[in-house]
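What follows is one structure encoded as structure tokens, with my remarks underneath.
The values are calculated or read from the model by the stated rules, or taken from the named source; none is laboratory data. Computed from a prediction, not measured in an experiment: that's the story for all the values here. Backbone-built Cβ (ideal geometry, glycine too); neighbour counts: all protein chains shown. Please note that ligands, DNA and RNA were not included when accessible areas were found on the heavy atoms of the full protein model with its side chains. Shrake-Rupley method; radii C 1.70, N 1.55, O 1.52, S 1.80 Å.
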Amino acid sequence: QVKVDESGGGLVQPGGSLTLSCVVSGDDRTITSMAWHRQAPGKQRELVAYYIFSVAATHYEESSKGRFTISGDGARNMLTLQMNNLKPEDTAVYFCQARRPGADYWGQGTQVTISS
């Protein structure tokens, strides 16, 4: 059974930093890409950034450009999101997604709260 485990969420003040991590286990087949999404209260889930392992390519949505850095480790099926200069509007549950041809896996989410 495939598991997607996120960690690193928490409560920080505006301007602070957090690092989220995600690890996929239970699947020996190649994970081709991973992504972070988030869902704020009362809003739809939205993409934050994604990473394609084969070419080490990254993509950021406008909300995360310049403040967040996504990185991946294909050998360990691991994804990291370094978040800097956090704002109250970054408050959300952050979900990790892992993809391979024909399959899509999601974690349970980790809460990130930005508040003074």
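Is it true that residue 66 is on the phi > 0 side of the Ramachandran plot, small (Gly, Ala, Ser) and not in a strand (DSSP E or B)?
Values: on the phi > 0 side of the Ramachandran plot: yes; small (Gly, Ala, Ser): yes; not in a strand (DSSP E or B): yes.
Yes; evaluated as a whole, the condition is true for this residue.
Cβ contacts < 6 Å: first residue closer than 23 Å to residue 15 by Cα, restricted to region 49-68; second residue of a type outside the set (Val, Ile, Thr) and in a loop (DSSP other than H, G, I, E, B), any location; separation 6+ or different chain. Result?
Note: pairs meeting the criteria are 49/64; 67/84; 67/85.
If you go through region 56-94, how many residues are among the hydrophobic types (A, V, I, L, M, F, W, C) and touching a Cys at 6+ places or on another chain (Cβ under 9 Å)? Quick ask: steps written out before the conclusion?
Residues of region 56-94 among the hydrophobic types (A, V, I, L, M, F, W, C): 56-57, 68, 70, 75, 78-79, 81, 83, 86, 92-93.
Retained after the next criterion (residues that are touching a Cys at 6+ places or on another chain (Cβ under 9 Å)): 78-79, 81.
Summing the residues that are among the hydrophobic types (A, V, I, L, M, F, W, C) and touching a Cys at 6+ places or on another chain (Cβ under 9 Å) in region 56-94 gives 3.
Name the pairs: first residue in region 13-33 and without any contact (Cβ under 8 Å) to a residue 60 or more places away in the chain, second residue open to solvent by 60 Å² or more (accessible area, probe 1.4 Å) and in a loop (DSSP other than H, G, I, E, B), Cβ to Cβ under 9 Å, at least 6 apart or on different chains?
Once the first residue is without any contact (Cβ under 8 Å) to a residue 60 or more places away in the chain and sits in region 13-33, its partners that are open to solvent by 60 Å² or more (accessible area, probe 1.4 Å) and in a loop (DSSP other than H, G, I, E, B) give 23/76; 26/1.
Just checking, which of 40, 35, 56 is more than 10 Å from the chain's Cα centre (by Cα), under 13 Å from residue 94 (Cα atoms) and among the hydrophobic types (A, V, I, L, M, F, W, C)? Walk me through how you get there before you give the answer.
Values: 35 fails: more than 10 Å from the chain's Cα centre (by Cα); 56 fails: under 13 Å from residue 94 (Cα atoms).
The unique qualifying residue is 40.
Condition check: of a type in the set (Gly, Ala, Ser) and touching a strand residue (DSSP E or B) at 6+ places or on another chain (Cβ under 6 Å). Does residue 42 satisfy that?
Values: of a type in the set (Gly, Ala, Ser): yes; touching a strand residue (DSSP E or B) at 6+ places or on another chain (Cβ under 6 Å): no.
When the stated conditions are applied, residue 42 does not pass them.
Quick one: is residue 105 among the aromatic types (Phe, Trp, Tyr), free of Cβ contacts under 8 Å to residues at least 40 places away in the same chain and open to solvent by 20 Å² or more (accessible area, probe 1.4 Å)? Reasoning before the result, please.
Working: among the aromatic types (Phe, Trp, Tyr): yes; free of Cβ contacts under 8 Å to residues at least 40 places away in the same chain: no; open to solvent by 20 Å² or more (accessible area, probe 1.4 Å): yes.
For residue 105, the condition - among the aromatic types (Phe, Trp, Tyr), free of Cβ contacts under 8 Å to residues at least 40 places away in the same chain and open to solvent by 20 Å² or more (accessible area, probe 1.4 Å) - is not met.
Please enumerate the residues belonging to region 27-64 that are small (Gly, Ala, Ser) and open to solvent by less than 30 Å² (accessible area, probe 1.4 Å). It would help to see each step written out before you state the result.
The first filter runs over region 27-64 and keeps only residues small (Gly, Ala, Ser), leaving 33, 35, 40, 42, 49, 54, 56-57, 63-64.
Hits for region 27-64 are 33, 35, 40, 49, 64.
Please go through region 79-96 and give me each residue that is assigned to a strand (DSSP E or B) and buried (at least 20 other Cβ atoms within 10 Å of the Cβ), ordered by number. Spell out the reasoning first.
Pass one, region 79-96, residues assigned to a strand (DSSP E or B): 79-83, 92-96.
Across region 79-96, the qualifying residues are 79, 81, 83, 92, 94, 95, 96.
Just for region 1-26: of the residues that are hydroxyl-bearing (Ser, Thr, Tyr) and open to solvent by 40 Å² or more (accessible area, probe 1.4 Å), which one is farthest from residue 71 (Cα to Cα)? I'd like the intermediate steps shown before the answer.
So in region 1-26, the residues hydroxyl-bearing (Ser, Thr, Tyr) come out as 7, 17, 19, 21, 25.
Right, trim to open to solvent by 40 Å² or more (accessible area, probe 1.4 Å) and you get 7, 17, 19, 25.
On the way: 7: 15, 17: 16, 19: 11, 25: 18 Å.
Ranking the candidates gives 25 first.
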